[in-house]
Amino acid sequence: MMVKVIFVDHTGLRRETEGAEGSNVMRVAVDNNVPGIDGDCGGMCACATCHITVDAAWADKTGERSELEESMLTFLPDVSPAARLGCQIKLTPELDGLTVHLPIEQF
Ligand code: FES
C-alpha cells in the first residue's frame, strides 16, 4: 500500500507525497525531492538531518522516540517535544495522511 505523507515547510507550503508501506518519512522526502530533509546517514539514526516535527493531530500514531533517536535529537538547538527523526518513523497504513512540519534548516 502507498502511504500519503504531507510535508509543511516553515512558510506553510504543503507538499503531498506518497511512499511505500515499510519505507520511512526521511526516505519518502528524499525520493520526492522535498527540500529540507537531507538524510545524510541514509536512515541509520546517526546524523539528525532528517529532523521533523510531527503535527499534533498525528502525535499519538507515530509512537515514541527510541533511546538512540532521543540522544541524536539532543544535539539540535530548539527541539520541540514533538520533534522526531524522519528515518525512524516507519510508514504503516495507520499513518496514511501523516502531516509533519519541516524545520527552517537542518543542522
Ligand atoms: S537520516 Fe540520518 S538520522 Fe535520519
* **Calculated FRET efficiency for the pair Ala57/Glu18, C-beta based, R₀ 25 Å, to 0.05** => 0.85
* Asked: Nearest 0.05, what FRET efficiency do Asp96 and Thr74 give at R0 = 41 Å with Cβ-Cβ as r?
  -> 0.85
* **Debye log10 I(q)/I(0) for the chain, one point scatterer per Cα, at q = 0.14, 0.16, 0.21 Å⁻¹** => -0.45, -0.60, -1.10
* Counting pairs of alpha carbon atoms under 8 Å apart in space and at least six apart in sequence, what relative contact order in percent does the chain give? -> 41
* Asked: Which value in deg cm²/dmol, rounded to the nearest 500, describes the helix-derived mean residue ellipticity at 222 nm for the chain, given -39,500 (n - 2.57) per DSSP H run of n ≥ 4 and division by the residue count?
  -> -4000 deg cm²/dmol
* **Estimated vicinal HN-Hα couplings, Hz - region 91-107 in sequence order (Karplus 6.51, -1.76, 1.60; Gly, Pro = x)** => 7, 10, x, 5, 8, 4, x, 3, 10, 10, 10, 8, x, 4, 8, 8, 10
* Structure fact -> Any GluC sites (Glu not before Pro) in region 16-55 that lie in a DSSP loop and have at most 15 other Cβ atoms within 10 Å would be Glu21
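Read-outs throughout are calculated quantities, based only on the coordinates presented, and are distinct from any laboratory measurement. Only a predicted model underlies this, so the values are computations on that prediction, with no experimental measurement involved. Every residue, glycine as well, gets a Cβ built from its backbone with ideal geometry; the counts of neighbours run over all protein chains shown.
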